[in-house]
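Below you'll find the structure, written out as structure tokens, and then a few comments.
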Amino acid sequence: MSIILSAKHIIKTYHESGRNLSVLADINLEISPGEFFVFVGPSGSGKSTLLRIMSGLDKDFGGSIFYGEKLKPSEISFVFQQFALFPWLTVAQNIEFGLIARSVPDKKRREIVRAELTTFGLEKFAHAYPRDLSGGMKQRVGIARALATEPRVIFMDEPFSELDSFTATELRKDLLRIWRERKPTIIMVTHIIEEAIELADRIAVLTPRPGKIEKIFQNTLPRPRQERSQEFYRLEDTITEIIKP
Ligand SMILES: Nc1ncnc2c1ncn2[C@@H]1O[C@H](COP(=O)(O)OP(=O)(O)OP(=O)(O)O)[C@@H](O)[C@H]1O
Ligand SMILES: [Mg+2]
């Protein structure tokens, strides 16, 4: 079996004002290329910390992360909960940002930006600034920006939790469509169990801090997932039961 990312014995301790806070305790996992992998767990269990470590944003940790399948750090991108757009850049310029950093030639860059604007229904907003957009539109830009560089692995930290449920549902559908078409590996954190079941191939449940993997569920429900089916409810109950304090 091929592996695109593996984590071995990941440990993380924050040191703050003379105190040590143990946040992750021995995380081990392997992720396959093209997999949609989701973490759920109680608040403060270290989910965001783990995502930052796995994506290379945080290099101060114990244990090791291996990238397989010749994955390069430049082929990884990140979508943040708070969108994290550059307020001084337009929508088009935000999407273009990673392409400039990777020295993609002008013409190609314009083509990609145009294509991503279309994919996310953002054509009319190309020259708008983030402050003029709704939360849903901002996160469309956040995802478009992350996808523009054709990443092979995308990390997403609660990307829909700032949105109203109608907008979140729409964006989840878009994300699934894009995942089907482009087949990146997606590694996401959510606190909504329904969302995890709708999206994931596998769901890892973390323990309260210091986070360890309590259990990994293989989600074999057929796609598109029927939220009102018995099997869906059954899995939701099982996971909820484990997370309950
Ligand atoms: N830079 C930091 N310095 C010190 N402590 C931190 C830092 N970042 C996070 N923590 C602490 O580490 C713990 C885990 O934080 P983290 O943000 O990874 O959890 P989380 O599972 O993502 O939580 P949430 O569900 O609320 O997003 C929390 O107790 C948090 O207060
Ligand atoms: Mg978090």
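Values in this text are rule-based calculations from the coordinates and carry no lab data. Small disclaimer: the values here were computed from a predicted structure and weren't measured. Positions of Cβ are backbone-derived with ideal geometry, glycine not excepted, and every protein chain shown enters the neighbour counts.
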*Mind listing which trypsin sites (Lys or Arg not before Pro) in region 102-172 are in a DSSP loop and have 13 or fewer other Cβ atoms within 10 Å?*
ARG102
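Return the loop-located trypsin sites (Lys or Arg not before Pro) in region 43-79 (DSSP other than H, G, I, E, B) with at most 15 other Cβ atoms within 10 Å of their own Cβ; answer none if there are none. Write down the numbers at each step before the final one.
Details: sites: LYS47, ARG52, LYS59, LYS70; in loops: LYS59, LYS70.
Sites meeting the loop and neighbour criteria: LYS59, LYS70.
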*Give the relative contact order (percent, whole number) for region 85-151; include only Cα pairs under 8 Å separated by 6+ residues.*
51
*Within region 71-132, report the chymotrypsin sites (Phe, Trp or Tyr not before Pro) that DSSP leaves as loop and that have at most 11 other Cβ atoms within 10 Å.*
TRP88
